[in-house]
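Here the structure is laid out as structure tokens; the discussion comes afterwards.
The values are calculated or read from the model by the stated rules, or taken from the named source; none is laboratory data. Small disclaimer: the values here were computed from a predicted structure and weren't measured. As a convention, Cβ positions derive from the backbone with ideal geometry for all residues, glycine included, and neighbour counts pool all protein chains shown. Surface accessibility is based on the protein's heavy atoms, side chains included, excluding ligands, DNA and RNA. Shrake-Rupley method; radii C 1.70, N 1.55, O 1.52, S 1.80 Å.
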Amino acid sequence: MIGAREALARLRAGNERFVSEIMASEAITSPTRRRQVAVAQEPFAILLGCSDSRVPAEIIFDQGLGDLFVIRVAGNIVAPSQIDSVEFAAERYGTELVVVLGHSTCGAILATLEELGRPPAEQSRSLRSIVDRVRPSIEPLLVTEVAHDHAALVKHAVRANIRSSVNQLRRGSRALEQRIREDRLLVVGAEYSLDSGVVEFFDA
């Protein structure tokens, strides 16, 4: 299994290929590759990303079958099942890199901001579980200067939500905390631009 820094470099290189439209993943989605990973998998990175249909991790990082262990949920939020999934992949496969992947103009962020602007009685029950997890990271922004600029507010809220999820993974599990202390796990945040296709990593 490759280390976290090499895994991060692979993701950066893959995203550069994606943006440059010089994709290499065709060779690693071939029938031969499919037969290889049917026996066993060794994902080199764990991705906790948003369910948004425009942000498929394998494509934007130009990776193939068996390369990434991907967990997708609206708003790339962290709930117990997401933590369990990250723990599972880290322990089962020895994967040393976790990336929380958010993206520009995230629908879950927009929905949360809309819900926070409504009276409690008018807020959607179906969105509550997502809103309640996103709210703590973006509510403080509503009393800052960016609150008066919607585009800036959304941009800052997306980044704040990613950082919140990163912090929850770093501190929400004894097993993950131990791996981090022993330098066997690195958890970083990243933001994908829907317009440019570029992934910006931070806290790495």
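Structural remarks
- Against the main long axis of the alpha-carbon atoms of the chain, helix 150-171 sits at an angle near 60°.
- Accessible area in the full protein assembly, largest first, 1.4 Å probe, for His103, His156: His156, His103
- Spatial separation of Cα centroids for the range 32-94 and the range 127-193, in angstrom: 19
- Helical mean residue ellipticity (222 nm; -39500 (n - 2.57) per DSSP H run of 4+; nearest 500) of the chain: -14500 deg cm²/dmol
- Amide proton proximity set for Ile71, modelled H, under 5 Å, gap of 5+: Leu47, Leu48, Gly49
- q = 0.10, 0.13, 0.17 Å⁻¹: log10 I(q)/I(0) that the Debye formula gives for the chain, counting C-alpha atoms only: -0.44, -0.72, -1.14
- Database remark: amide H of Leu186 closer than 5 angstrom to the amide H of Leu97, Val98 (H placed geometrically; neighbours at sequence offset of 5 or more, or on other chains; Pro and chain starts carry no H).
- The range 1-107, accessible surface, carbon-and-sulfur percent (1.4 angstrom probe): 51
- C-alpha long axis of helix 4-20 to longest principal axis of the chain, angle in °: 80
- Its Cα gyration tensor gives the range 127-204 an equivalent ellipsoid. The semi-axes, each the square root of 5 times an eigenvalue, are 26, 17, 11 Å from largest down.
- Cα gyration tensor shape of the range 51-123, rounded if a/c is under 1.5, else prolate or oblate by comparing a/b with b/c: oblate
- Element breakdown for the range 160-204 at a 1.4 angstrom probe: carbon and sulfur atoms account for 40% of the accessible area.
- Over the range 45-204, accessible surface divided per residue gives 47 Å², non-protein components excluded, 1.4 Å probe.
- At most 10 other Cβ within 10 Å, DSSP loop - GluC sites (Glu not before Pro), the range 139-198: Glu182
- Note, ³J(HN,Hα) from phi for the range 93-108, Karplus 6.51, -1.76, 1.60, rounded to Hz, x at Gly and Pro: 10, x, 5, 9, 10, 10, 10, 8, 10, x, 8, 4, 6, 5, x, 5
- Three-way shape label, the range 12-51, alpha-carbon gyration tensor, a/c 1.5: oblate
- Within the range 1-139: Cβ-based charge dipole about Cα centre, in debye rounded to nearest 20 (Lys, Arg +1; Asp, Glu -1): 180
- Prolate/oblate/rounded label for the range 165-204 (Cα gyration tensor, a/c 1.5): prolate
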